[in-house]
Amino acid sequence: MVFFSESLGIPSLRVLAQKLLELLFHYEIEKEPLLFHVFSNAGVMLYRYVLELLQTHRRFCRLRVVGTIFDSGPGDSNLLGALRALAAVLGHRPAVLRLLLLVAFALVAVLFHVLLAPLTALFHTHFYDRLLDAASRWPELYLYSRADEVVLARDVERMVEARLAHRVVVRSVDFVSSAHVSHLRDYPTYYTSLCVNFMRSCVHC
C-alpha cells in the first residue's frame with residue numbers, strides 16, 4: 001500500500017517518520033549522535049520524510065545526525081524489481097493466488113505510472129528524485145550488489161554520483177553476488193566491519 005500511496009502523492013509515511021523521531025525524545029536520547037540504517041526502497045520512502053522533518057520541524061532541527069547507511073537502495077522506478085519483491089513476499093501462498101496478485105499488482109502499477117504519475121508530479125516529488133538533491137550533508141554509505149534484481153545497481157551508482165556532486169562524503173560497496181537485502185547474511189563479517197567502521201568515522205569526525 002505504501003508504494004501506491006506514494007505514487008499517488010499521498011505522504012502516508014510522514015506520520016510514521018514523525019513518530020519515529022519523537023521516540024528519540026521519549027527515550028531521552030535526542031542529544032546522542034544519530035545514524036540512520038535504511039533498507040530497500042520502503043526504508044528510503046520513510047527516510048525521505050525523516051529528512052524533511054529534520055529540516056522543517058523546529059524540535060527535530062536540534063537532532064545531531066552523523067551519517068546514513070543505505071542497504072539495497074535507493075532505486076528508481078523498477079516495475080520488474082517490484083514484482084520480484086512481491087513474489088518473494090508471497091512465496092508461501094498458493095500458486096494461483098500468487099499469480100493473481102502479481103498480475104493485479106502489475107496492472108495497477110502500470111495504470112498509476114502511465115495515467116497518474118504525470119498528474120502527481122505537479123505536486124509531489126518522487127522519493128528517488130528528492131534524495132538526489134537532498135540538503136543533508138552528513139556522510140553516506142551505500143551497500144548494494146549488481147546481483148540485486150529488485151533495486152538495480154545503476155540506480156544506486158547514479159545516486160552516489162549525485163551525492164558526490166553535492167560534496168557529500170560518500171562511500172559505496174558493491175557486494176557483486178548477494179541478492180536484495182542479503183549482504184549481511186552472505187557476508188556477515190565484512191558487512192559488520194563496514195558498518196562499524198563507518199559509524200566510528202561518523203561519530204569522531
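The values are calculated or read from the model by the stated rules, or taken from the named source; none is laboratory data. The model shown is predicted, which means the values in this text are computed figures rather than measured ones. Glycine also receives a Cβ, built like all others from the backbone with ideal geometry; neighbour counts cover every protein chain displayed.
Suppose we keep only residues that are over 16 Å from L46 (Cβ atoms), modelled with pLDDT of 90 or more and among the hydrophobic types (A, V, I, L, M, F, W, C) within the range 118-143. Which one would you say is surrounded by the most Cβ atoms within 10 Å (Cβ to Cβ)? Among those residues, the one meeting the criterion is L143. Restricted to the range 136-205, the set of helices (runs of 4 or more DSSP H) holding at least 1 residues that are in contact with a strand residue (DSSP E or B) (Cβ under 6 Å, 6 or more places away or on another chain) and closer than 30 Å to R62 by Cα comprises 153-165, 188-204. For the range 174-185, filtering for residues that are surrounded by 15 or more Cβ atoms within 10 Å (Cβ to Cβ), out of contact with any Phe, Trp or Tyr (no Cβ under 7 Å at 6 or more places or on another chain) and at pLDDT 95 or above leaves 1.
Table: residues versus (1) surrounded by 18 or more Cβ atoms within 10 Å (Cβ to Cβ); (2) touching a Lys or Arg at 6+ places or on another chain (Cβ under 9 Å); (3) modelled with pLDDT of 90 or more; (4) farther than 21 Å from E157 by Cβ.
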| site | (1), (2), (3), (4) |
| --- | --- |
| V2 | no, no, no, yes |
| V15 | no, no, yes, yes |
| L20 | no, no, yes, yes |
| V50 | yes, no, yes, yes |
| G67 | yes, no, yes, no |
| D71 | yes, no, yes, no |
| D76 | yes, yes, no, no |
| L90 | no, yes, no, yes |
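Look at the range 183-205: where a residue is farther than 17 Å from G73 by Cβ and a partner is surrounded by 11 or more Cβ atoms within 10 Å (Cβ to Cβ) and of a type in the set (V, I, T), sitting 6+ places away or on another chain with Cβ atoms under 7 Å, you get C202/V66; V203/V66.
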